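Before any comments, here is the structure.
The values are calculated or read from the model by the stated rules, or taken from the named source; none is laboratory data. Source: prediction; values computed, not measured. Because the Cβ atoms are built from the backbone with ideal geometry, glycine has one as well, and the counts that use them run over all protein chains shown.
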Amino acid sequence: MRIEKDTVVSLTYELLDSTGEVMEKTDSPISYLHGGYDGIFPMVEEELHSKEAGYSCSVFMEPENTFGDYDSQLVRVEPRDAFPDNVVVGMQFEGGEEGSDDVLIFTVTDIADDKVVVDGNHPLAGKALRFDCTVVAVRPATAEELSHGHVHGAHGHEH
């Protein structure tokens, strides 16, 4: 079966930075709903369109095609007493930009005596990336998956 709009694509992948360091890798296949449902990078989806199980590719992407450019305005220094006593570097908190309904995930990057530095950028923001993948299966999406806009069951979203 060919990868077309409204098919479920299962694949294995590695995400590498520009130096070839593996940033993320699947141990088992992941699945996404193909056809503009935002389940995978658009450039990868475009490369996989009309292909079949067994197809492998490498897609090189600049930051604007992945997690965006690094935004230094998303790095903030906050008072230590605004955080729980057990705060540690690497903890994540939800937050927002003033005047926006968007929710960002802020990661604690540093802790000083009375200050905590948090960063709202995605950890891979500003990085050129290479997405290496192999398609392991393609199937038609179910009516329920189409109505929800994502994959259910094995390798997909569970309700």
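Here Ile111, Ile105 are screened, and the one residue that is within 21 Å of Asn65 (Cβ to Cβ) and either loosely packed, with under 15 Cβ neighbours inside 10 Å or free of Cβ contacts under 8 Å to residues at least 60 places away in the same chain (or both) is Ile105.
Restricting attention to region 63-91, the residues that are loosely packed, with under 15 Cβ neighbours inside 10 Å and over 21 Å from Leu129 (Cβ atoms) total 13. Taken together, the residues in region 1-19 that are modelled with pLDDT of 95 or more, of a type in the set (Gly, Ala, Ser) and either over 17 Å from the mean Cα position of the chain (by Cα) or part of a loop (DSSP other than H, G, I, E, B) (or both) amount to 0.
Scanning region 117-140 for residues that are assigned to a loop (DSSP other than H, G, I, E, B) and of a type outside the set (D, E, K, R) yields Gly120, Asn121, His122, Pro123, Leu124, Ala125, Gly126, Ala128.
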